[in-house]
Amino acid sequence: MKTKLERFTLGIILAPLAPLALFLSFWWLSYAILPERWIPYGTLLGLLLGVLADAFLLKKLVERAYRLGTFFWLAVLLFYSMGTFGFFMGVPVFNAALALPAGFVVGGKLAREVADGARIRRVSLRTCTLTTVLMALVCAASAFFALISSSTPSDLRGMLGLGFEVTPAMIWGIILVGGAGLLAVNWVLTGLAVHFTHRFLSSP
């Protein structure tokens, strides 16, 4: 049961990669070289090729997931981070959720290694640091776009349903306090995901 759940979760993490990457790549390529009316067809072709790639490669990727290098998983995290940031239009809150699959992968690798307590703590600390540094970069990018956009005060008023004017000082407060909170949440979620996954997959 645990093995099936583990493989299913790894599949959920890996399955969107090829379809999304090829969908976006073919969209950009189609936009650059095709007439406008052909762009949807080019984009659809990329999506279909991504699904086809999953049909042939996904099972092997899941089986070899823990043997894939650190750079592969870092690239996956970066891909999802940029995609999430873009999809939610620069709002960084949802990027914190990526700490969970990152911690799952690391915890699973530690369980396969039958790692001792010292190694678990060391790897968990490194993973928390890595995901939180990435989260800090996301927050910095979000802050940059918020500060240079003249529509940010009105956007915040509409999004939060505020009945008063949003000042630059308030925006800075949201950036600093909200950013610090997101970094803390990201750190905690990463550590919990690593330890919970390791404990779950290591238990009899």
Convex hull volume per residue in cubic angstrom - Cα atoms of the stretch 1-116: 124
How much of the accessible area of the stretch 91-204, in percent, comes from carbon and sulfur atoms when a 1.4 Å probe is used? 73
Give me the one-decimal Kirkwood hydrodynamic radius in Å for the chain, with the sum taken over alpha-carbon pairs. 19.2
Averaged per residue, what accessible area in Å² does the chain show with a 1.4 Å probe, protein chains only? 63
Could you tell me how far the Cα centroid of the stretch 87-151 sits from the Cα centroid of the stretch 16-74, in Å? 23
What is the gain in length, in nm to one decimal, between Leu44 and Ser25 on full extension, counting 0.36 nm per residue of separation less the C-alpha to C-alpha distance? 5.7 nm
What is the chain's relative contact order, in percent, from Cα pairs under 8 angstrom and six or more apart in sequence? 24
Ratio to report: Rg/Rh of the stretch 140-204, with Cα atoms as the point set and Rh obtained by the Kirkwood method; give two decimals. 1.25
Using a ≥ b ≥ c from the Cα gyration tensor of the stretch 74-134 (square roots of the eigenvalues), is it rounded, prolate or oblate, where a/c under 1.5 gives rounded and otherwise the larger of a/b and b/c decides, a/b for prolate? prolate
Helical segments meeting 27 Å axial Cα length and Kyte-Doolittle -1.0 threshold in the chain (DSSP H): 39-63, 117-148, 179-202
Distance between modelled label sites at Arg121 and Ala141, nm, 7 Å Cα→Cβ extension: 3.5
Need the full-extension length gain, Leu68 to Ile174, defined as separation in residues times 0.36 nm minus the C-alpha distance. One decimal, nm. 34.3 nm
Using 1/(1 + (r/R0)^6) with R0 = 25 angstrom and r between the beta carbons of Leu130 and Phe200, what's the FRET efficiency to the nearest 0.05? 0.70
Within the chain, helix-based [θ] at 222 nm, where runs of 4 or more DSSP H residues each add -39,500 (n - 2.57), nearest 500: -26500 deg cm²/dmol
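The values are calculated or read from the model by the stated rules, or taken from the named source; none is laboratory data. Here the structure is a predicted model, which means the values were calculated and not measured. Quick reminder, even Gly has a Cβ in these numbers, built from the backbone with ideal geometry, and neighbours come from all protein chains shown. Just so you know, the surface numbers come from the protein's heavy atoms only, side chains and all, with ligands and any DNA or RNA stripped out. Shrake-Rupley method; radii C 1.70, N 1.55, O 1.52, S 1.80 Å.
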